[in-house]
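Trainee: Encoded as structure tokens, here's the structure I'll be asking about.
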Amino acid sequence: MGHALTGFMNTTDRLRFFFGPATRLDSDTPVVHKHDDFEEASEEDLAHFVVETDSEGHHYAVRREELDKQG
């Protein structure tokens, strides 16, 4: 096991030489989430569903139209 760990560490040292150190981002900076066209279309499709939970705790999706028909 020690040989494998040493080999891994040597490999990461060589990669750091070529690519530079890992980027450290400021953890206090909020993440900016940008919506693209695909994501907008997905959210529009998913808006037609409601998540229901049965008595055993299983989650499943139901179309809003089906819930409206059931009254």
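Trainee: Scan segment 53-64 for residues that are over 22 Å from the mean Cα position of the chain (by Cα) and either hydrophobic (A, V, I, L, M, F, W, C) or surrounded by 10 or more Cβ atoms within 10 Å (Cβ to Cβ) (or both) and jot them down.
Mentor: Val62, Arg63, Arg64 - these are the residues of segment 53-64 that are over 22 Å from the mean Cα position of the chain (by Cα) and either hydrophobic (A, V, I, L, M, F, W, C) or surrounded by 10 or more Cβ atoms within 10 Å (Cβ to Cβ) (or both).
Trainee: List every residue pair whose Cβ atoms sit under 9 Å apart, with the two residues 6 or more apart in sequence or on different chains, where the first one lies in segment 37-58 and is charged (D, E, K, R) and the second, anywhere, is in a strand (DSSP E or B) and surrounded by 10 or more Cβ atoms within 10 Å (Cβ to Cβ).
Mentor: That search, which allows pairs on different chains as well, returns Glu52/Tyr60; Glu52/Ala61; Glu52/Val62; Asp54/Tyr60.
Trainee: Take segment 18-41 and flag every residue that is of a type in the set (A, V, I, L, M), modelled with pLDDT of 75 or more and more than 16 Å from the chain's Cα centre (by Cα).
Mentor: Passing the criteria: only Ala41.
Trainee: Does Ala47 fit the bill of being surrounded by 10 or more Cβ atoms within 10 Å (Cβ to Cβ), within 20 Å of the chain's Cα centre (by Cα) and among the hydrophobic types (A, V, I, L, M, F, W, C)?
Mentor: no
The values are calculated or read from the model by the stated rules, or taken from the named source; none is laboratory data. Quantities reported herein were computed from a predicted structural model and do not represent experimental measurements. Positions of Cβ are generated from backbone atoms using ideal geometry, with glycine treated the same way; all protein chains shown enter the neighbour counts.
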